[in-house]
1. I'm told residue 201 meets every condition in (1) surrounded by fewer than 22 Cβ atoms within 10 Å (Cβ to Cβ); (2) hydroxyl-bearing (Ser, Thr, Tyr); (3) in contact (Cβ under 8 Å) with a residue 12 or more places away in the chain except one. Can you identify the failing condition by its number?
2. Filter the range 149-198 down to residues that are under 30 Å from residue 259 (Cα atoms) and outside any helix (DSSP H, G or I), then give me how many there are.
3. When the residues of the range 233-264 are filtered to those that are under 14 Å from the mean Cα position of the chain (by Cα) and modelled with pLDDT under 85, which remaining residue is surrounded by the fewest Cβ atoms within 10 Å (Cβ to Cβ)?
4. Taking the residues in the range 243-272 that are free of Cβ contacts under 8 Å to residues at least 60 places away in the same chain and not charged (D, E, K, R) as candidates, determine which candidate is farthest from residue 342 (Cα to Cα).
5. Of all residues in the range 484-503 being in contact with a strand residue (DSSP E or B) (Cβ under 9 Å, 6 or more places away or on another chain) and among the aliphatic types (A, V, I, L, M), which is surrounded by the most Cβ atoms within 10 Å (Cβ to Cβ)?
6. Considering 75, 51, which residue is of a type in the set (Ser, Thr, Tyr), closer than 29 Å to residue 12 by Cβ and assigned by TED's automatic domain parsing to the domain that holds residue 219?
7. Find the residue count for the range 463-483, including only residues that are buried (at least 17 other Cβ atoms within 10 Å of the Cβ) and either in contact with a strand residue (DSSP E or B) (Cβ under 7 Å, 6 or more places away or on another chain) or in a loop (DSSP other than H, G, I, E, B) (or both).
8. Show the residue pairs that are 6+ apart or on different chains and have beta-carbon atoms under 6 Å apart, the first residue being within the range 218-234 and not assigned by TED's automatic domain parsing to the domain that holds residue 192 and among the β-branched types (Val, Ile, Thr), the second being surrounded by 17 or more Cβ atoms within 10 Å (Cβ to Cβ) and modelled with pLDDT of 95 or more.
Amino acid sequence: MRMENSAHTAHDCAILKSKIYLYLTEFFSGMSVMAVELGASRLLAPYFSSSQIVWTIIIGTIMIAMALGNLYGGSSADKNPDPDKLYGRLLIAAVWIAAIPFFGKLVIVAVSGLLVVTVSTNFLIWAAFLACMLIFVYPLFLLGTVTPSLVKYTVDSLDDSGKIVGRLNASNTIGSIIGTFVPTFISIPAVGTAATFLIFSGILLVLSVVYFISCKRGYIKSAVSAVLFAVCCVFSLSLGFAFWEDDLAYEGESVYNYLQVREEGDRTILSTNVLFGVQSVYDKSGGLSGLYYDYAMAAPLMADTEEQTDILILGMGTGTYAKQCGEYFDNITVEGVEIDEKITALAYEYFDLPESTGVTTYDGRAYLNVSDKKYDVIMVDAYQDITIPFQMSSVEFFKLVRSHLKEGGVMVVNMNMKSDKSGSINDCLGDTICEVFSCVYTVDVKGSTNRELFASNDPDMLSRFDSKRQALENEDLHNLMSRIYAEICVYESGNGRVLTDDQAPVELLGMQVIDSLITEELDYYKQIFKEKGIRGIIESF
């Protein structure tokens, strides 16, 4: 009796008497949890990639938070069945989620900076995990208290407890379904990640404020929360992912990527992440780029072509390779496949991709499955840092590529995580390709972590390359191809494993190489920190 007299109950407020509002609360909390989870992946991806490893960290962290919230929510509801407590927690969760687009990015950079001087291995894993814990655990813990609290408020007797709990779970599940599809297909592509966080936090805020107003109490906490939410809206929408850069030509998001375009002298650069990696580079002055695109131009010289060379690029990006081939070779036709149509739009706008160059918006492997055309050269350029699509790294995929090559055709693969360690991701890819092609050669791109692999079933591919490169009239191209010919070597299989559709742990293998590359970089900053302290690290950026 004492508890009932000292606390508000669900029956004290008219809005809760029909229980419909409780079901709506369950519905919108389930929606918000999934929206925050998807938003988390987009917030972390520009810094730590969107690999399965990062997804695992996000899902695991959220499940921990929800489990703890369930435990606390149930215990709290039994001790004090006061709906004010629940809707008060939702106010806090709403404001916290609204602040994530601003403070979350600062936390990520701060955590990364701290780990630079404290961690030697598994930098990305530790950084993603700690950032996820600091940013997302608390608000999702609060949302985790919703279901057990609502069970306490809605169940009047054991006679209808099963039906009531079933309705609550159904409301949560339906909300979760909507919260899964809306961010991915509507809000993030349309208004971005920051606005998506604000939209769903705003729903939670309105849900709680309506409750307190209808109950004629909680005005102060509602007003304070509304003011904080408004402040968060202003700051969250004003801070970009690469907030330390103020000279970006473009910054935005697509269904698949965070995207930024920046101009550096005669070069235009596309990046799909912030902390590492460049997706495409376009040299406005013309000529060779000095990057892997130049090396990949050896493929048309290796192919057994007659009057015209048909090239297919899987992972078109901004079309640098297509433009290079068109500039240096005659009688070239190029088709591209790019899964991200926004990248294609940027290619036409910022990277001078000719409108005549056809680009199909599709997954590379799916495109091959529905196409009957054969090509002289197929360029596989879909690997980016740790986010290697497993379905485009398996023996089944390379067999599909082989089936779309003409007799004497050549596949060229850009592998961007060169490593001298046996059993690396590139060894696995090389061994897998050797299962499909009888002639496999590799050459390392000077001054980068890229390695170009050329594969064919034509034993004359290398001698044909030699004769064609000798006949080149362009001096720069001739010199580069001569250097490639001198450095190219037969790939010897047996160092890795064969990747299949069933088993292709490309992200774990890629993480090993990325971790090694990051460790080398961290050693550099650790030395600066040792000599000059934190100021030295700040000045080095």
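1. If we test residue 201 against (1) surrounded by fewer than 22 Cβ atoms within 10 Å (Cβ to Cβ); (2) hydroxyl-bearing (Ser, Thr, Tyr); (3) in contact (Cβ under 8 Å) with a residue 12 or more places away in the chain, just (1) comes out false.
2. Final tally of qualifying residues: 1.
3. Only one residue tops the list, namely 255.
4. 265
5. Of everything passing the filter in the range 484-503, 484 is surrounded by the most Cβ atoms within 10 Å (Cβ to Cβ).
6. Within the list 75, 51, the selection yields 75.
7. 1
8. none
The values are calculated or read from the model by the stated rules, or taken from the named source; none is laboratory data. Source: prediction; values computed, not measured. Quick reminder, even Gly has a Cβ in these numbers, built from the backbone with ideal geometry, and neighbours come from all protein chains shown.
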